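Beneath this line is the structure, given in structure tokens, with notes to follow.
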Amino acid sequence: MRILVWHVHGGWMEAFVRGRHEYLLPKTSDGGAWGLGRGGRQWPAPAQEVDLETLDPGSVDAVVLQRPEEIAAVARTLGRSPGVDLAAVYLEHNTPKGDVPFTLHPLADQGAIPVVHVTHFNQLFWDTGTATTTVIEHGIPDPGHLYTGEQEEMGVVVNEPVRRGRVTGTDLLPGFSGVGPLRVFGMGTEALPEALNLKGFGLSEERLRIAGDVPAPKLHQELARCRLYLHPLRWTSLGLALLEAMHLGMPVLALATTEASRAIPRGAGLVSNDVGDLQRFARRLLDDPDDAYAMGMVAREAALQRYGLDTFLGAWDRLLADLPQGARRHHTERTHP
């Protein structure tokens, strides 16, 4: 199939474009949210940058929508309506915001476009009314078992931790830095030292080591040197960095919120809402590299089984094949007279 999909969530797309289809990624001269194309990523050749304004409408078999505004954008540029004469699904990446658990999904109470959630938690908490929903859990291209744990540090990956604050558990980081050093990766992390002010907690600034936003291969290598992975986010769908850390073979610590308890099995680390328990467990792993290594092996095995790339791509293949044939008739008639 030829699938139109915007580059909205780079981590999710890393897996999706490795399937057996052609992936049409809108690209504009100024880039940005509506024209990022491949975004400079080293994706397989079937991930093709396209000009939506000149794209042959009949060459598209389906569209994976990720923002409500994309429905009108497709209809305007291609002259085809998602869910009517163009097969379509709506991919919901995020946890609901606002008046949870009463947040109404933008595609609630319609029957033309099924909604795909990336976690069971999201499916449960979004109010989609009568809309058809399903869950296709994340898939991760396996970076390999790179874990060494040689550095007595806690690795953290978070984007915009100062702006997002309590959502990402940024306020919890000083407490963990009192247990041991943190190495923090991600966009906007350079603002953390001033925002957290560890000196005000009587802690050395050396306890917070900013690694910044680095390319995925380098991230995997550097993160795997940390003794453990810390996932302090309160309200996130399911951080892909957490799943990547598990693939690397890292033991993981996480708050018992959203989907974390499903993702992290017993013996792979600790999932708890008792921050004191998490801090004590972190100190235990920092002091015992052999125990940390053994837990990381449990984490990796679980991640490969549940969040492996083949499982993810197979689920998407089945979903796309089951889309209503009537919505694809436009393309069939044009290409097979």
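The values are calculated or read from the model by the stated rules, or taken from the named source; none is laboratory data. On a predicted model such as this, the values are computed, not experimentally measured, just so you know. A quick note on method: Cβ atoms are made from the backbone with ideal geometry, for glycine too, and the neighbour counts reach across all protein chains shown. Ligands, DNA and RNA are excluded from the accessible area calculation, which covers all protein heavy atoms including side chains. Shrake-Rupley method; radii C 1.70, N 1.55, O 1.52, S 1.80 Å.
Yes/no matrix, rows are residues, columns are (1) over 20 Å from residue 264 (Cα atoms); (2) outside any helix (DSSP H, G or I); (3) of a type in the set (Asp, Glu):
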residue: 162; (1), (2), (3): yes, no, no
residue: 221; (1), (2), (3): yes, no, no
residue: 230; (1), (2), (3): no, yes, no
residue: 242; (1), (2), (3): no, no, no
Check: Just one of the numbered conditions (1) open to solvent by less than 20 Å² (accessible area, probe 1.4 Å); (2) part of a helix (DSSP H, G or I) is not true of residue 76; which one?
Finding: (1)
Next item on the list: Test residue 276 against the stated conditions and say whether it is open to solvent by less than 10 Å² (accessible area, probe 1.4 Å), more than 20 Å from residue 306 (Cβ to Cβ) and either without any contact (Cβ under 8 Å) to a residue 12 or more places away in the chain or part of a loop (DSSP other than H, G, I, E, B) (or both).
Entry: no
Notebook entry, point to check: Which fully enclosed strands (runs of 3 or more DSSP E) of the stretch 105-159 have 3 or more residues being open to solvent by less than 60 Å² (accessible area, probe 1.4 Å), closer than 30 Å to residue 221 by Cα and touching a Leu at 6+ places or on another chain (Cβ under 8 Å)?
Noted result: 151-157
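Report, by residue number, each residue of the stretch 86-101 that is at pLDDT 95 or above and either open to solvent by 20 Å² or more (accessible area, probe 1.4 Å) or not β-branched (Val, Ile, Thr) (or both).
First pass over the stretch 86-101, keeping only residues at pLDDT 95 or above: 86-96.
Those that are at pLDDT 95 or above and either open to solvent by 20 Å² or more (accessible area, probe 1.4 Å) or not β-branched (Val, Ile, Thr) (or both): 86, 87, 88, 90, 91, 92, 93, 94, 96.
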Notebook entry, point to check: Taking residue 183, is it charged (D, E, K, R), within 25 Å of residue 257 (Cα to Cα) and either out of contact with any Pro (no Cβ under 6 Å at 6 or more places or on another chain) or touching a residue at least 24 places away in the same chain (Cβ under 8 Å) (or both)?
Noted result: yes
Item checked: residue 23, sole failed condition from (1) of a type outside the set (Gly, Ala, Ser); (2) in contact with a helix residue (DSSP H, G or I) (Cβ under 9 Å, 6 or more places away or on another chain); (3) open to solvent by 20 Å² or more (accessible area, probe 1.4 Å); (4) under 17 Å from residue 141 (Cβ atoms) -> (3)
